[in-house]
Structures are given as C-alpha cells and as structure tokens.
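Structure first, then comments.
The values are calculated or read from the model by the stated rules, or taken from the named source; none is laboratory data. Since we're looking at a predicted model, the values are computed, not measured. Ideal geometry is used to build each Cβ from the backbone, glycine not excepted, and the neighbour counts take in all protein chains shown.
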Amino acid sequence: MEKEIALVEAVLFLESDPIDEGTIARICSMPKDSVIAALEKLKDRYSAPDCAYELSWIGGGVTISVKREYYENLKERYGKKNEAKISRAAMETLSIVAYSQPVTRAEIEKIRGVSADNMIRLLLEKGLVREAGKKDIPGRPVLYGTTKEFLKIFGLNSIAELPKLSEADIEKFELSST
C-alpha cells in the first residue's frame, strides 16, 4: 500500500488544480477505493504537528496545500497578493453572485443600486463568475454563477460551505432588493 500512497501523493503534488478521486484512479491505474484509502492515509500522515501540508477538498477535488497556520507566515512571499486583490465593488458584486446565484445583471444592480457591467466583466475575466444560462423571461437575460476558481480561491468544496449570513446581513440584503 505504501507504493500506492506515494503514487497518489505524487499525482497530487504534480497537479496544480484540485483533482477528483476518479481521475486520480485513472492516472494511477488503481481502483478508486484504493485511491480513497491512500488519501485517508495521507490525511493521517499530514495531520502530524510537524507536517506543513494538508489535504484540501475544493470544488469536488482534492489537492495538497500548506496548512493555514504556516501559510500565514509565508503568504507575503508566496501568495498571489496582487493577482487576487479585487476592489470592494467587485467583492460586493461577487458576494451577490455567490449568495444569489443564478442571478442576472439587473438583479445585481437592483441589490447594489449601481451599474454592475464593469464589475461583472472584471469577475468574468478573473474567472470567478461564469455565464450560467439564460433566465426564462422576456429578453432572456444572462444568469451568472460562481466558478470552480472561485471555490479554489476561497477554499470551499462547494457553495454550501459559504459562511451563513447573519440576520442583519439578510435584512440588508432584503431591504436593498425591494
């Protein structure tokens, strides 16, 4: 089993994006249950206090990442600090898309109270939002949703892991959308 664990670990190390167990199984020519067992062993190995790595499940896949406690000390040098920064307006727009998806540009603008064209274009360019279809109303406006890149950047496995809104935030959201 040690050889299989090492093989799975090598695949995770070489892949830059999260990868699902089925794909790992195909790459390694191993049964999926063996991959799952190897991932459990790696998870146990990485849980040791003297290990700087952990397995992270993001967007339906798994990846090796630096434990948050170590990353905080290293992010100044190794973080994508300039690429990842987005303006407050873009973050507001992204939040609306994340919590309301699928959502149209007009719905975003109704909540924010200002035009969202530039923010949506920026978020599309950064790969954080995507066109998720068309709304079945006159004019068939584009619906927007978040991407796997969004999940990866925010360290989420799915949208269900978004922080829950407080009552005050829900109220602001509802007041803004009326």
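Residues that are among the charged types (D, E, K, R) and surrounded by 16 or more Cβ atoms within 10 Å (Cβ to Cβ) within region 98-125 comprise 105, 107, 109, 112, listed in sequence order. Cβ separations smaller than 9 Å between residues 6+ apart or across chains give the following pairs from region 134-148 residues that are of a type in the set (Phe, Trp, Tyr) to residues that are surrounded by 11 or more Cβ atoms within 10 Å (Cβ to Cβ) and assigned to a loop (DSSP other than H, G, I, E, B): 144/101; 144/102.
Kindly indicate whether residue 140 is modelled with pLDDT of 90 or more and at positive phi. Taking the combined requirement at face value, the residue satisfies it. Within region 89-119, the set of residues being of a type in the set (Val, Ile, Thr) and either closer than 25 Å to residue 155 by Cα or not in a helix (DSSP H, G or I) (or both) comprises 93, 96, 97, 103, 104, 108, 114.
Take residue 22 and tell me if it is farther than 21 Å from residue 161 by Cβ, in contact with a helix residue (DSSP H, G or I) (Cβ under 7 Å, 6 or more places away or on another chain) and not assigned by TED's automatic domain parsing to the domain that holds residue 147. Please lay out each step first, then the result.
Numbers: farther than 21 Å from residue 161 by Cβ: yes; in contact with a helix residue (DSSP H, G or I) (Cβ under 7 Å, 6 or more places away or on another chain): yes; not assigned by TED's automatic domain parsing to the domain that holds residue 147: yes.
Yes, satisfied.
You will find that of 34, 65, the residue that is in contact with an Asp or Glu (Cβ under 9 Å, 6 or more places away or on another chain), among the hydroxyl-bearing types (Ser, Thr, Tyr) and part of a helix (DSSP H, G or I) is 34 and no other. Being of a type in the set (D, E, K, R), surrounded by fewer than 16 Cβ atoms within 10 Å (Cβ to Cβ) and farther than 27 Å from residue 160 by Cβ, is that true of even one residue in region 80-94? Yes; the residues of region 80-94 include at least one that is of a type in the set (D, E, K, R), surrounded by fewer than 16 Cβ atoms within 10 Å (Cβ to Cβ) and farther than 27 Å from residue 160 by Cβ.
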